[in-house]
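Student: This is the structure I have questions about; it appears just below.
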Amino acid sequence: MEVWITFAVIWPFIGAFLTWLCGLLGENAGEGGMDGKVLCPDCRRNIMAAVTVSVEVLLAAVLCLHPLLESLPVFMDLKAGYAMAAAAAEWKGFCGMGLTFATDGFRLLYTLVAAFMWFVSTLFSFSYMKDYENKNRYYFFLLLTLGATVGVFLSGDFFTMFVFFEIMSLTSYMWVAQDERKESLLAAETYLAIAILGGLCILMGMFLLYGETKTLSTLGDLRVFWQGAPANGIDKGRLKAAGILMLVGFGAKAGVAPLHIWLPKAHPVAPAPASALLSGVLTKTGVFGCMLLTLQLFAGSEAFGKLIFILGLLTMTTGALLALFSVDLKRTLACSSVSQIGFVFTGMGLAGMFGGREIGEGFHASLNGAILHMVNHSLLKLLLFCAAGVVFMNLHKLDLNDIRGFGRKKPLLNLLFLAGSLGLAGVPLFNGYVSKSLIHEGMTIWRESFGGIWMKGAEGLFLLSGGLTAAYMAKLYIAVFWEKNRDGTVQASYEENRKYMGVLSAFLLTITAVFVPAAGIGGGILLQTFNGESLSGAFLSLVSGAVAYLLAVRKGMMKNGEYVDRWPPKWDLENRVYRPMLKGFVFGLCVILRLLDRLPDYIVVGLRKTVYRDAPLSHELEEGNALTHAAGVLLDGSKKALNRTVCRKRPIQVSFEHRLAMLEKEQSENNVMIGRSLSFGLLLFCLGLLFTLLYMLLS
């Protein structure tokens, strides 16, 4: 089993290099360099990329099935709040501390989800990337990121997670910068800056955590350190600091507000398959890290659970508002990802709060809802971003005013996008409804068990955010599939375009779309979410969504029949807050460092002018040497005598002592130059003699 775990991590890295090499061979073959055979330059690379992701799906399936065949328990002990490891593998000595991998219910689940999403995205990329440049680079980093992502999900300690987390951040940077346009490079810069700063926060948190607990493993019961402090010698203050630092790092990758700024900028410029992975999988690596903090390290800490819960409410509301007022197709879906991550954090925070109260029913509902919504969101964003990719492949535009009406008379694309929209909006019989209902059930249990007006307000915000989800998805669906383009000629060309998607892409997206209602119906029956309270909550949410659509979209965003971006530019956090803060920090740091650099000089100068002020020595000459001084004194004395007698009318003005001193200095400099010239000539002579001797010996 250990071999399979390790191979599942390293295989995508091997496949990435093989795919890159096949791409090079394919390019040569396309020029007629392979024995005269005509071969598509992309064929070898595409085949190898498909083999890589297919093998990874099989490996993930083997990891999931193996414990069942061996009758090993693979589950998450939800009541205890931490994952029980079914199998583990170690790579001792790597990076000093070694790497540890493990499999449990959640790790196996998301390894399989990641492998499936990479399989669909990679095969979809074959048609999407057809007209792109640097395709070799794209597939190379696509597969490298797969290996790093699997490494994160199968990590058995924070150190292993950090190593693969950083690899994943660097390799996925190339997705955002793929087309190398100015806006792409700026978005990539933001993405990389957030990733690096987040990584530094995680690293500092790991230092503090290891200093207190002497372990970074996530396989044991880490909550003993928090719950046993300070009796076990653990400083709770240091644990809190470690937890906050790591929460900032993982939260930045997850896209939690106010660290979400990279998501709305990176997704629109990245290729659509990469956007699906950024939104559907890479954000979940950050959620996984936050889950380990909430359910392991701080299990039983109601305060930490409330912090996660509040961040969830803030994130889901912020993302929903950003998505509602966006007029860009992919940007709307990117902001939607921020909002849906907020739903996940809300459920996870509730589970953390219940962990301190021992209310098992609420804990199970909240955590199951959070995990299920992670999976649902991954599949829905795979479907929606790929559908958006189909639009972009045909039009190379994303503005709603430009793509209006493209989906008319395209029933398959219509059904695919509709299924994703209904699932994301939480409509009953679709998968998003089940996960959101479970989280809502957890909120209801908390309110009924412990009261609190604030929870009623949080519940209302939860339902309103769900309604805003329905509103902005209705905006996209109606604009693309119902409305007509303002230019009749353009609309006619849209409706005549029937070959808008390849057969392979259509098949992959159809298979993905089938999961949406299947999981919604099956999950709803299995988890018993088709009850009056859940259905009434969904109804209220959808009604509020309809009102928001009519007021915010049809009344507020429409001007002369076109969609207008009403979001004020001054509310851009990156340009208005983070970049000025960063520039101010750098400027202040430069000033401080410049002062520290000059401070010793100022101290030395001050001391020399006060305490250690130089005093002239009686025997010290201002210039020249003793001989020039003696001769100068003699000549200057004679000069004074002559000026008083013979040269009274035309006195001699020359200072002979100074003149002799200058002559002595000039002579000294000439002597030094002559000495250096002689030394240089002697050196060249020695080198010439050496080479002559070597030539005589060797010949």
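Student: Tell me what the chain gives for mean residue ellipticity at 222 nm when only DSSP H runs of n ≥ 4 count, each as -39,500 (n - 2.57), the sum divided by the residue total, rounded to 500 deg cm²/dmol. Mind showing how you got there, number by number?
Tutor: Details: 24 runs with 492 residues, N = 699.
My calculation for the chain gives -24500 deg cm²/dmol from helical runs alone.
Student: When volume of the Cα convex hull per residue in Å³ is calculated directly from the model, which label among (i) 352; (ii) 295; (iii) 228 fits?
Tutor: Matching entry in (i) 352; (ii) 295; (iii) 228: (i).
Student: Taking R0 as 60 Å, what FRET efficiency do you get between Asn671 and Phe94 from their Cβ-Cβ distance, rounded to the nearest 0.05? Walk me through the intermediate numbers first.
Tutor: Numbers: r = 64 Å, r/R0 = 1.06.
Once rounded, the FRET efficiency stands at 0.40.
Student: What are the extents of the Cα atoms of the range 445-540 along their three principal axes, in Å, largest first?
Tutor: 60, 33, 18
Student: Assign one of three labels to the range 157-213, namely rounded, prolate or oblate, based on the Cα gyration tensor with a ≥ b ≥ c the square roots of its eigenvalues; rounded applies when a/c is under 1.5, prolate when it is not and a/b is larger than b/c, and oblate otherwise.
Tutor: Numbers: a/c = 7.39, a/b = 2.61, b/c = 2.83.
Oblate is the answer for the range 157-213, as a/c is 1.5 or above yet b/c matches or exceeds a/b.
Student: Lys409: which lysines have alpha carbons under 21 Å from its alpha carbon, excluding same-chain residues fewer than 8 sequence positions away?
Tutor: Lys397, Lys475, Lys484, Lys499
Student: Pulled fully out, how much extra length does the chain show between Phe585 and Phe680, if you take 0.36 nm times their separation in residues and subtract their Cα-Cα distance?
Tutor: Working: separation 95, 0.36 × 95 = 34.20 nm, distance 5.16 nm.
My answer for the length gained is 29.0 nm.
Student: Given a 1.4 Å probe, how much area per residue of the range 153-280 is accessible, in Å²? Walk me through the numbers before you get to the answer.
Tutor: Numbers: 4250 Å² over 128 residues.
Each residue of the range 153-280 exposes 33 Å² on average to a 1.4 Å probe.
Student: Send over a whole-number figure in Å² for the accessible area per residue of the range 334-445, probe 1.4 Å. Numbers along the way, then the final one.
Tutor: Details: 2370 Å² over 112 residues.
Result: 21 Å² of accessible area for each residue.
Student: Then there is this: Taking only Cα atoms, what is the 0 to 90° angle, nearest 10, from helix 453-477's long axis to the longest principal axis of the chain?
Tutor: 90
Student: Modelling each spin label as a point 7 Å along the Cα-to-Cβ direction, I'd like the Asn134/Ser493 distance in nm, to one decimal.
Tutor: Using points 7 Å along Cα→Cβ, the separation is 2.9 nm.
Student: Next question, about the same structure. Around Phe587, what is the net charge, scoring Lys/Arg as +1 and Asp/Glu as -1 over all other residues with Cβ under 13 Å from its Cβ?
Tutor: +3
Student: Extension gain Asp601-Leu24, at 0.36 nm per residue separation less the Cα-Cα distance, in nm? Write down the numbers at each step before the final one.
Tutor: Details: separation 577, 0.36 × 577 = 207.72 nm, distance 5.84 nm.
Full-extension gain reported as 201.9 nm.
Student: Gain in length, Asn401 to Lys240, computed as 0.36 nm per residue apart minus the alpha-carbon separation, to one decimal in nm? Walk me through the intermediate numbers first.
Tutor: Numbers: separation 161, 0.36 × 161 = 57.96 nm, distance 4.87 nm.
Computed gain between Asn401 and Lys240 is 53.1 nm.
Student: Taking the simple approach of a point 7 Å from Cα along Cα-to-Cβ for both Glu180 and Val611, what is their distance in nm?
Tutor: It is 6.1 nm.
Student: On a C-alpha basis, how far is the centre of the range 524-565 from the centre of the range 576-593 in Å? Whole number, if you could?
Tutor: With the range 524-565 and the range 576-593 each reduced to a Cα centre, they are spaced 42 Å.
Student: If the cut-off is 18 Å between C-alpha atoms, which lysines fall inside it for Lys436, apart from same-chain ones fewer than 8 positions away?
Tutor: Lys284, Lys381, Lys456
Student: Rounded to the nearest percent, how much of the accessible area of the chain (1.4 Å probe, protein heavy atoms only) is carbon and sulfur? Intermediate results must be reported in sequence, preceding the final value.
Tutor: Details: 21740 of 32560 Å².
Carbon and sulfur together cover 67 percent of it.
Student: Net charge near Gly255: determine it from the other residues with C-beta under 14 Å of the C-beta of Gly255, scoring Lys and Arg +1 and Asp and Glu -1.
Tutor: Values: positive: Lys253, Lys265, Lys284, Arg331, Lys381; negative: Glu574.
So the environment of Gly255 carries a net charge of +4.
Student: Let me ask you something else. Just grab the label-to-label distance for Val633 and Ile310, each label 7 Å out from Cα along the Cβ direction, in nm (one decimal).
Tutor: Taking the two extended label points, one gets 8.6 nm.
Student: How large is the Kirkwood hydrodynamic radius of the range 550-683, in angstrom, based on all distinct alpha carbon pairs? Numbers along the way, then the final one.
Tutor: Working: mean 1/r = 0.0415 Å⁻¹.
It works out to 24.1 Å.
Student: Cα axis of helix 105-128 to longest principal axis of the chain: angle in degrees, 0 to 90, nearest 10?
Tutor: That works out to roughly 80 degrees.
Student: Got a sec? Which residues in the range 534-561 would a label at Glu459 touch, if it sits 7 Å along Cα→Cβ and we count backbone N under 11 Å?
Tutor: It comes to 534, 537, nothing else.
Student: By how many degrees, 0 to 90 and rounded to 10, does the Cα axis of helix 626-644 deviate from the longest principal axis of the chain?
Tutor: Once rounded, one gets 60 degrees.
Student: Shape call for the range 89-131 from the C-alpha gyration tensor, a ≥ b ≥ c root eigenvalues: rounded (a/c under 1.5), prolate (a/b greater than b/c) or oblate? Mind showing how you got there, number by number?
Tutor: On the way: a/c = 6.39, a/b = 1.96, b/c = 3.26.
Here the range 89-131 falls in the oblate category.
The values are calculated or read from the model by the stated rules, or taken from the named source; none is laboratory data. If you're wondering where the values come from, they're calculated on a predicted model, not measured in any experiment. All Cβ positions, even for glycine, are placed from backbone atoms using ideal geometry, and neighbour counts span all protein chains on display. Ligands, DNA and RNA are stripped out before the accessible areas are found, and what is left, the full protein with its side chains, is counted by its heavy atoms. Shrake-Rupley method; radii C 1.70, N 1.55, O 1.52, S 1.80 Å.
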